[in-house]
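> So that we are looking at the same thing, I have put the structure below in structure tokens.
Every number in this text was worked out from the coordinates using simple rules, so none of it is lab data. Here the structure is a predicted model, which is why all the values come from computation and not from measurement. Note: ideal-geometry Cβ built from the backbone for every residue, glycine included; neighbour counts use all protein chains shown.
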Amino acid sequence: MFTPDRLSELTPTAKRVTEAVGTTGENWNMSAAPKQDPERSVFSDYDYSNFYYGAGDDPVNLLKPFSTWYKEALPAGYYLYSEPLQSAPTTEVRVRNRKTGEVQDLLNLASYNYLGISTREEVKEAAIEATRQYGLGASGSPILSGTLEVHNQLAKAVADFKDKEAAIVFPTGYSANVGFISALMRSGDTIFCDQYAHASVVDGAILAKSKTVFFRHNNPLDLERKIKGVRGKKLVVVEGVYSMDGDVCVLPEIVEVAKRHGARLLIDEAHSTFLFGPNGRGVAEHFGLDKEVDFHLGTFSKSLGGQGGFVCGSKDLIDYVNAFGRSRFFSCNLAPPVAAGLLAGMKIVEDEPQLRTKLWSNVAYLRRRFAEEGVDIGKSTSQVMPVLVNNDSKVFAVAEKVQDRGLYLQPVTYPAVPKHKSRLRVSVSAAHTEGQLERAAQVIAGVLREEGVCRT
Ligand SMILES: Cc1ncc(COP(=O)(O)O)c(C=O)c1O
């Protein structure tokens, strides 16, 4: 049993938590908890990080304090997370409000589906046909019985689209990063990650047991400082478009530093494949650096509104990942209807480049309107636009008002973004009309002004 005299054994954070809540969480009392600002609700003085390290010897000690906090956090704003949609994630959605139980019709700016493809008839028909042919699931690991013809067709289509020798498909983008990075890198190697790299990159590095070094976001000079003199195998990991900030990787400079120091480069194009570059291959193609980047990774969940991840490159690389990508081969293969729907979606991307044109004109429209209204979207130049609130409690008030006025958008706070960098994350789609984007700009700017966040 953990007793107070053993406090010195704990890490500083665990010690602070233990002192506050007692060794079994018995002292946790929300009303007695210190408030930074009397106007603010207690829930906003805490977030998930306060419940990360438990006190005592029992892993369940934090459940009660967490549940006490969560009961207060839920009606105060956390109800906005995981609100169940009652319709497809297109530009207009029907949502059940988790606080009131009421069903609302909202303008959707929260789903990826950047090209509006996921509900196209051709995609749905392909998925239905595959369900008839193959049934629901793959019923096996891809290296045992779970590879169906449709999976091979999808891998070939991805390789062709990305103009690579071969590709390999994972059940999700998350598992692609985890599986690929841990397949390639080992203990004793070094992984250099942009500090804003997605959690799946970080988790891949943890699983690889390599030394992980974070360099400042999109900062090749900091990468240079950190990589200089490091010996052994080195992997640099960047994203094409950063998922929470919507800024584009400064790839030419990153490539230059990585090459000069003999490091290999992985680009995660989750938010840029099918959108950037003359053929839609991604940010590497956009910069004419497709061949300079060693490893190309992407997802089907964003631009195609589907599911699954992929890596592409040389045949040797893909054979190796097939053998060592544990997150793939210890998991069931992608559901066949999804694989078939993705094939149909990729055909639309190739046949209809005008979808990309429409997306970029929508992005330009909303960027201009946000600029006119004084809405700060940071360094975003893409379809991902963070509406910066930078106040971890106010962001919930903003999000609630925005939803009350007809927009479907959630607050994004720590740990998805750094503390005090909270925001609403807007996803623009080719399927939005200018009228819808105009409505969004007006509602968002109006609420920000009322909440004292907006400049004008
Ligand atoms: C940059 C990046 N990589 C990987 C992923 C994981 O992709 P998926 O949601 O397809 O698992 C995400 C998801 O948000 C992401 O933003």
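> Once you put a point 7 Å from the Cα of ALA199 and another 7 Å from the Cα of ARG132, both along the Cβ direction, what distance in nm separates them?
Each label point lies 7 Å from its Cα, and together they span 4.0 nm.
> Quick one: if the Förster radius is 60 Å, what FRET efficiency do LYS64 and GLU350 give, using the C-beta to C-beta distance and rounding to 0.05?
E(calc), rounded to 0.05, equals 0.65.
> Next question, about the same structure. Quick one: grab Rg to one decimal and Dmax as a whole number for the chain, Cα atoms only, in Å.
Values for the chain (Cα only, Rg and Dmax): 23.2, 69 Å.
> Still on this structure, please answer the following. Efficiency by 1/(1 + (r/R0)^6): what FRET value for GLU450 and ARG216, r their Cβ-Cβ distance, R0 = 41 Å, to the nearest 0.05?
The value I calculate is 0.75.
> Please name which of VAL293, THR381, PHE329 has its Cα lying farthest along the dipole of region 278-435 towards the positive end, using unit charges on Cβ (Lys, Arg +1; Asp, Glu -1) and the Cα centre as origin.
THR381
> While we're here: Give the aspartates and glutamates whose C-alpha is closer than 15 Å to that of LYS99, dropping any in the same chain fewer than 8 places away, or say none.
Within the straight-line limit of under 15 Å, LYS99 reaches these aspartates and glutamates: GLU72, GLU83, GLU400, ASP404.
> Go through 303-309, 428-434 and give me the packing order, highest mean Cβ count within 10 Å leading.
Ranked by mean Cβ neighbours within 10 Å, highest first: 303-309, 428-434.
> Leaving out same-chain residues fewer than 8 places away, which aspartates and glutamates sit with a Cα under 12 Å from that of LYS401?
LYS401 reaches GLU450, GLU451.
> Given LYS302/LYS419; LYS228/LYS302; LYS226/LYS394; LYS228/LYS358; LYS291/LYS421, which pairs have Cα atoms separated by over 31 Å?
LYS228/LYS302; LYS226/LYS394; LYS228/LYS358; LYS291/LYS421
> Quote to one decimal, in nm, the extra length available between LEU144 and ARG439 on full extension: 0.36 nm per residue of separation minus the C-alpha distance between them.
101.1 nm
> With a 10 Å Cβ neighbour count serving as the proxy for reagent exposure, in which order, fewest first, do ASP294, ASP316 appear?
Ascending Cβ contact count within 10 Å gives the list ASP316, ASP294.
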